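Worksheet for the structure shown next.
The values are calculated or read from the model by the stated rules, or taken from the named source; none is laboratory data. The shown structure was predicted, so the numbers you read here are calculated from the model rather than taken from an experiment. No Cβ is skipped: glycine too gets one built from the backbone with ideal geometry, and neighbour counts run over all protein chains shown. Please note that ligands, DNA and RNA were not included when accessible areas were found on the heavy atoms of the full protein model with its side chains. Shrake-Rupley method; radii C 1.70, N 1.55, O 1.52, S 1.80 Å.
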Amino acid sequence: MAALAWLIIPCVAAVFAAVWAGWAQRAPKATGDPASLAEHQRFMAAMERTTAGGGRERSDR
């Protein structure tokens, strides 16, 4: 019976790994929300703007 337990443990682990790998490789869901995409575009535009201090970066980092 102990030998059967030692055989079942790796088999269950292999099945779990196969299920997890299949789940991890699934295609991402596309978002069709235009408001979300517009908000992202506004965020990207804001990140590309220069600072109001004359465009100079601070050197005291």
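Observations, loosely collected:
- Residue tally, condition part of a helix (DSSP H, G or I) and either small (Gly, Ala, Ser) or touching a Pro at 6+ places or on another chain (Cβ under 7 Å) (or both), over segment 1-47: 15
- A count restricted to segment 31-61 and to residues that are open to solvent by 100 Å² or more (accessible area, probe 1.4 Å), at pLDDT below 85 and of a type outside the set (Val, Ile, Thr) stands at 8.
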